[in-house]
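Enquirer: Below you'll find the structure I mean.
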Amino acid sequence: TTRTVIVLEGLFDMLITAQKIHQLGRDADTVAVYTNGASPAAKMKQWFSQHNQFEYVLFSDPDAAGEEWTDTLTTCIQAGGAQVCAFKPPDQLDPDEAILKGWWPSIL
């Protein structure tokens, strides 16, 4: 029943996001995954391009690597025909820090 995949760069970002998804009662339709850094492996990029049944939401880190990561994943996801939306947390915070301080995109 998963419809939305929230993609993050790091493990702690993913764990805090998964906790927030659970707190919101969205476990049935939303999952969090991470790419283990700003340079996703070729197989991972291929997977994103081949799974257009999901809506993707990217939470990037607030640095140049995060911008490159967002561009790379957006290109892969859109090449497969899926929708993607990208967010950068406020105040130059990493996603996990921002979520712990109460940030969460209203579309979710």
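The values are calculated or read from the model by the stated rules, or taken from the named source; none is laboratory data. In this text the structure is predicted, and so the values were computed from the model without any measurement. Note that each Cβ is placed from the backbone with ideal geometry, even for glycine, and that neighbours are counted across all protein chains shown. Note: accessible area is taken over every heavy atom of the protein model, side chains too, but ligands, DNA and RNA are not part of it. Shrake-Rupley method; radii C 1.70, N 1.55, O 1.52, S 1.80 Å.
Enquirer: For the stretch 3-49, with the dipole built from +1 on Lys and Arg beta-carbon atoms and -1 on Asp and Glu ones, taken about the Cα centre, which of Met44, Ile21, Ala32 lies farthest toward the positive end?
Expert: So the residue we want is Met44.
Enquirer: For Ser106, what accessible area in Å² do you get when you roll a 1.4 Å probe over the heavy atoms of the protein chains, rounding to the nearest 10?
Expert: Accessible area, nearest 10 Å²: 120 Å².
Enquirer: Within straight cross-link reach of Lys101, meaning Cα distance under 27 Å, which lysines are found once same-chain residues fewer than 8 apart are removed?
Expert: Lys20, Lys88
Enquirer: What are the residues whose amide H is under 5 Å from the amide H of Ala86, where those residues sit 5 or more places off or on another chain and H is modelled from the backbone?
Expert: HN-HN under 5 Å from Ala86: Leu58.
Enquirer: If you roll a 1.4 angstrom probe over the protein chains with everything in place, what fraction of the accessible area of the chain belongs to carbon and sulfur, to the nearest %?
Expert: 50
Enquirer: Another question, then. Rounded to the nearest 500, what is the 222 nm mean residue ellipticity of the chain from helices alone, with -39500 (n - 2.57) per DSSP H run of 4+ residues and division by all residues?
Expert: One gets -12500 deg cm²/dmol as the mean residue ellipticity at 222 nm.
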